[in-house]
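Inspection log for the structure reproduced underneath, given as structure tokens.
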Amino acid sequence: MKCPKCGSNEVQCSGSKCRCLVCGNEFYTCSICGEAFSTAQQLAAHMKKHRRNDDPSLRELVLELEELRKTVEELRQAVERLEAALHGLQRQPLTPHPATNEELPDFVKDNPWLQVLHKKRDT
Ligand SMILES: [Zn+2]
Ligand SMILES: [Zn+2]
């Protein structure tokens, strides 16, 4: 930062307001481009120009943010789907199939002794 009056580098700034330590000149500097102004009004008018110039990039950022939000939402939904699928897979071995649970095991059904017993009962 240089004093616009004497060109000295010994300048003390707090925010946009600066004071030259050599000549005591007070001035205002633009935080974006560093241009110096003698009054706060001049700086305010200058900043308006920056704001206008910044608009397109700001819109771009907003759009980019929107896109990222959409992506995040999609990823969140994908994670939910995967988690649900994973829970389903984890549950499967724990819950026995109801049909096989009610049926007699094959070794009992095909047991020849059962038929022998039935025949004995019949006679
Ligand atoms: Zn100065
Ligand atoms: Zn500026």
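Rule-based calculations on the coordinates, nothing more; no lab input. The structure presented is a predicted model; accordingly, all values stated were derived computationally and were not measured. Glycine also receives a Cβ, built like all others from the backbone with ideal geometry; neighbour counts cover every protein chain displayed.
The table that follows gives values for the structure above.
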quantity	calculated
Percent of alpha-carbon pairs separated by more than 19 Å within the range 11-95	65 percent
Farthest positive-ward along the range 11-95 dipole, Cα basis, beta-carbon charges - from A45, L89, C23	C23
Pairwise FRET efficiency - C6 versus L63, Cβ, R0 = 41 Å, nearest 0.05	0.35
Potential extension, C23-L89 segment - 0.36 nm per residue separation minus Cα distance	15.9 nm
Nearest-20 debye value, the range 11-95 charge dipole, Cβ charges on Lys, Arg, Asp, Glu	280 debye
Amide H contacts of Y28 (H built 1.01 Å from N, under 5 Å, at least 5 apart or other chain)	C18, F37, S38, T39
FRET efficiency, 1/(1 + (r/R0)^6) with R0 22 Å, evaluated for S16 and R52 via beta carbons	0.75
